[in-house]
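A short write-up of the structure that comes next.
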Amino acid sequence: MSGTASTEAYLDLMKRALSASLYDESAWIYLEPKRPPLSSLRKPTGYAWDLLRYVTLSALRKRSILGARVRPYQEEVRAEGRDWPCFGYTMIGRKRLDNVQACVEEVLRSDIPGDFLEAGAWRGGTSMFMRALLKVHGVEDRKVWVADSFEGLPVPKDASDGADFSGVDILKVSLDQVRANFARFNLLDDQVEFLPGWFSESLPNAPVKQLAILRLDGDMYSSTMDTLLAMHDRVSPGGYIIADDYHSWESCRRAVHDFLDERQLKPDIKTIDWAGAYWQKEP
Ligand SMILES: C[S@@+](CC[C@H](N)C(=O)[O-])C[C@H]1O[C@@H](n2cnc3c(N)ncnc32)[C@H](O)[C@@H]1O
């Protein structure tokens, strides 16, 4: 296998592994034991059923047994990042991983200076893929910055901030877990930096000098806006800004346009898939 062919084979396998596209079971949904609220008394299935479900799942958990809803794995659904894999390392799917690869390889080819930053990393998969790209292309003078609360989404400031996902347990992935995920792929080294905390606090004074790629994946209006306010000016001319939720979260799209309008910027925003979009900062 030539150097280029083996590089492509490694990157292809990385995308399949990170998005858990190699395992049918990754489409299953683990059943969380959640105590039913009193409002479920009004549900047709009734409070008693929800309580029985909660008690049963809790008892099984105590014995390290998980309940799961078996859902068939669908290649196209995963490729578009429409389901959240119950295991695996990223939820963004193949098409948006391909976009990350295209943007990274373009800035390397064109020598656009700067590091890569992802704001909203979840289990770390997309940031891990950026680190893998630096590795296969032999780049040692750029870093990958991984920004996240590492405790899930914040409570929305108001209704226009976006849906309230703050209580969704699957979105809460600790810094230790994300570091362990990088290490599993042999990608944890001094070219990876973590920025723990809410974006509004962690990003403005972060020691990030220059970026070639800024990836926004915080879903909400405030998370998107806080990241743009802190990081847009650090993106090099010719660098890429990727908004993972541009089409899928109205609050994200609104934040992008409020920010661009304020700066009187009119970049050519390109669609990646049903969710993501990206643009190049004017060279
Ligand atoms: C949709 S997930 C990111 C998915 C990830 N990029 C991937 O490859 O699967 C959103 C992440 O953003 C983080 N997040 C959202 N808003 C945030 C904020 N304001 N400050 C810090 N982290 C935030 C959450 O903790 C969560 O890990």
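Residue by residue, here is whether (1) within 12 Å of the ligand (Cβ to nearest atom); (2) polar (S, T, N, Q); (3) in contact (Cβ under 8 Å) with a residue 60 or more places away in the chain holds:
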position	(1), (2), (3)
Leu117	yes, no, yes
Val136	no, no, yes
Lys143	no, no, no
Ala147	yes, no, yes
Gly152	yes, no, no
Gly167	no, no, no
Glu193	no, no, no
Trp198	yes, no, no
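Rundown of residues vs (1) more than 11 Å from the ligand (Cβ to nearest atom); (2) more than 19 Å from Ile272 (Cα to Cα); (3) crowded, with 23+ Cβ neighbours inside 10 Å, yes/no style:
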position	(1), (2), (3)
Ser202	no, yes, no
Pro207	yes, yes, no
Leu216	no, no, yes
Ser222	no, yes, no
Gly239	yes, no, yes
Asp245	no, no, yes
Ser248	no, no, no
Arg254	yes, no, no
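Looking at Leu265, Leu187, can you tell me which residue is within 26 Å of Arg78 (Cα to Cα), of a type in the set (A, V, I, L, M), touching a residue at least 12 places away in the same chain (Cβ under 8 Å) and out of contact with any Pro (no Cβ under 6 Å at 6 or more places or on another chain)?
Working: Leu265 fails: within 26 Å of Arg78 (Cα to Cα).
None of the others qualify; the one that does is Leu187.
Which fully enclosed helices (runs of 4 or more DSSP H) of the stretch 25-110 have 1 or more residues being touching a strand residue (DSSP E or B) at 6+ places or on another chain (Cβ under 7 Å) and not polar (S, T, N, Q)? Even if it seems obvious, please write down each step before you answer.
On the way: elements: 47-62, 75-79, 93-109.
Those helices (runs of 4 or more DSSP H) span 93-109.
Checking Val168 against (1) under 21 Å from Ser19 (Cα atoms); (2) touching a strand residue (DSSP E or B) at 6+ places or on another chain (Cβ under 8 Å); (3) β-branched (Val, Ile, Thr), which single condition isn't satisfied?
Going through the list (1) under 21 Å from Ser19 (Cα atoms); (2) touching a strand residue (DSSP E or B) at 6+ places or on another chain (Cβ under 8 Å); (3) β-branched (Val, Ile, Thr), Val168 breaks only (2).
Are any residues in the stretch 31-81 hydroxyl-bearing (Ser, Thr, Tyr) and touching a helix residue (DSSP H, G or I) at 6+ places or on another chain (Cβ under 8 Å), and if so, which ones? Full working, then the answer.
Taking the stretch 31-81 and keeping what is hydroxyl-bearing (Ser, Thr, Tyr), we get 39-40, 45, 47, 54, 56, 58, 64, 73.
Selection gives Ser40, Tyr47, Tyr73.
Each reported figure results from applying straightforward, stated rules to the coordinates on display, with no laboratory input. None of these values were measured; they are calculated from a predicted model. So basically every Cβ, Gly included, is an ideal-geometry build from the backbone, and we count neighbours across all protein chains shown.
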